[in-house]
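As structure tokens, the structure follows; a few thoughts come after it.
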Amino acid sequence: ESTLGAAAAQSGRYFGVAIAGNRLSDSTYATIAAREFNSVTAENEMKIDATEPQRGQFNFSAADRVYNWAVQNGKEVRGHTLAWHSQQPGWMQSLSGSALRQAMIDHINGVMGHYKGKIAQWDVVNEAFADGSSGARRDSNLQRTGNDWIEVAFRTARAADPSAKLCYNDYNVEDWTWAKTQAMYAMVKDFKQRGVPIDCVGFQSHFNSGSPYNSNFRTTLQNFAALGVDVAVTELDIQGAPASTYANVVNDCLAVSRCLGVTVWGVRDSDSWRAEQTPLLFYNDGSKKPAYTAVLNALNGG
Ligand code: G3I
């Protein structure tokens with residue numbers, strides 16, 4: 001196959017991209033995105049501040065722009081993200097306790113209700129664990145509502161849209177030896193044992209010199225899958241975009257039957273949240289980088 005999405009589809013997987021809605025009017029960007037990928041994540045447009053700018057007043061104009069473009073171009077959609085400490089609108093930042101807990105529940109119901117039956121996977125909760133060696137939850141206004149906020153989010157999400165796969169998504173959880181990875185593993189194991197509805201775990205995979213790719217990522221994916229959840233690479237970008245590392249990540253996903261697919265966090269280097277690290281698959285002029293060829297070859301079984 002000659003595109004990333006078609007090549008991934010040979011094994012029943014997808015190869016996705018984060019789309020910034022305001023870039024879809026750039027024809028180079030839109031042409032590559034439409035041609036190469038068969039899954040879309042909205043880079044910012046489905047987040048809390050975008051979809052519920054005032055409490056109880058939902059605004060899906062930016063989110064629908066990305067969603068409609070994806071569907072019109074034959075792509076499935078990953079929803080990102082419903083409960084997160086970051087990118088909260090001001091009204092939510094100022095809430096705490098039971099009022100914040102209820103606002104989180106109402107937000108999940110409002111957004112998932114709007115897209116009911118239309119989203120393949122939702123990142124229900126994003127980035128709830130602390131960095132470093134503690135293995136603790138990240139402190140946040142949501143965490144301070146009580147340790148059960150994550151399972152409440154997942155139970156709410158299951159009821160709001162039973163057809164969506166419900167994911168927990170985080171970064172610096174790719175290396176099996178890291179405390180944050182082990183903490184996330186313990187949470188997922190506990191959720192599966194107690195029947196908390198979780199279907200998938202997203203590994204963001206923002207690799208750089210400070211948090212490098214390690215070949216034990218495949219072990220991590222296998223160990224989570226063995227708990228009875230699907231896994232996915234959800235926000236891949238790699239400092240310098242070494243072709244061999246990109247191929248390794250793709251091969252790690254292909255080696256795990258429950259790995260649903262890979263999403264890269266942007267199209268061209270210039271579209272990246274960390275453009276100075278040139279971490280993506282396309283040069284700024286839209287031409288393919290060596291990492292692109294390495295990914296395509298890996299997806300084609302080579
Ligand atoms: O839209 C405003 C614009 O009006 C304003 O002029 C401009 C000035 O700074 O800001 C624009 O908003 C920015 C937005 O991206 C859209 O470009 C925000 O400041 C900026 O904070 C926001 O950054 C996003 C970041 O999440 C916020 O947390 C990045 O685009 C997005 O790539 C990044 O994605 C996250 C994932 O959601 C979760 N995992 C990590 C990943 C990378 O940080």
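The values are calculated or read from the model by the stated rules, or taken from the named source; none is laboratory data. All of these numbers come straight from a predicted model, not from anything done at the bench. Just so you know, the surface numbers come from the protein's heavy atoms only, side chains and all, with ligands and any DNA or RNA stripped out. Shrake-Rupley method; radii C 1.70, N 1.55, O 1.52, S 1.80 Å.
One equal scatterer on each Cα of the chain, no solvent, Debye formula: the resulting log10 I(q)/I(0) at q = 0.08, 0.09, 0.15, 0.16 Å⁻¹ is -0.32, -0.40, -1.20, -1.36. Here Ile198 sits with roughly 0 square angstrom of accessible surface, probe radius 1.4 Å. For Asp190, the accessible surface of its heavy atoms amounts to roughly 50 Å² (probe 1.4 Å, protein chains only, rounded to the nearest 10).
Over region 133-185, give the accessible area per residue in Å² for a 1.4 Å probe, as an integer.
Values: 2030 Å² over 53 residues.
With all protein chains present, region 133-185 gives 38 Å² per residue.
Counting only protein heavy atoms, what percent of the accessible surface of region 29-166 is carbon or sulfur at a 1.4 Å probe?
Using a 1.4 Å probe with all protein chains present, region 29-166 comes out at 46 percent carbon and sulfur.
Run lengths n ≥ 4 of DSSP H only: what is the helix-derived mean residue ellipticity at 222 nm for the chain, with -39500 (n - 2.57) per run over all residues, to the nearest 500?
On the way: 11 runs with 113 residues, N = 302.
After summing the helix terms and dividing by the residues of the chain, the value is -11000 deg cm²/dmol.
A 25 angstrom limit on the alpha carbon distance is what I want to check against. Which of Lys47/Lys288; Lys75/Lys288; Lys118/Lys289; Lys75/Lys116 exceed it?
Pairs exceeding the cut-off: Lys47/Lys288; Lys118/Lys289.
Please identify, among Val264, Val71, Val250, the residue showing maximal mean-square fluctuation in a Gaussian network model of the chain using a 10 angstrom Cα cutoff. In the Gaussian network model the winner is Val71.
Solvent-accessible area assigned to carbon and sulfur over region 193-236 amounts to 42 percent, based on a 1.4 Å probe.
The convex hull of the Cα atoms of region 156-204, projected and averaged over all directions, covers 3.5 nm². Only beta bridges with both residues in the chain are counted; by DSSP, about 10 percent of them are antiparallel.
The GNM of the chain, with springs linking C-alpha atoms under 10 angstrom apart, assigns the highest mean-square fluctuation among Leu24, Leu236, Leu142 to Leu24. Residues considered: Gln87, Gln57, Gln222. Largest GNM mean-square fluctuation over the chain, using C-alpha springs under 10 Å, is found at Gln57. Both numbers refer to the Cα atoms of region 161-302; Rg and Dmax are 15.3, 50 Å.
Of all aspartates and glutamates in the structure, the ones whose alpha carbon falls short of 19 Å from that of Lys189, not counting any fewer than 8 places away in one chain, are Asp123, Glu127, Asp148, Glu151, Asp170, Glu174, Asp175, Asp199, Asp230.
Using a 1.4 Å probe and counting only protein heavy atoms, arrange Arg65, Arg23 so the residue with the most accessible area comes first.
On the way: Arg65 110, Arg23 80 Å².
In descending accessible area the options line up as Arg65, Arg23.
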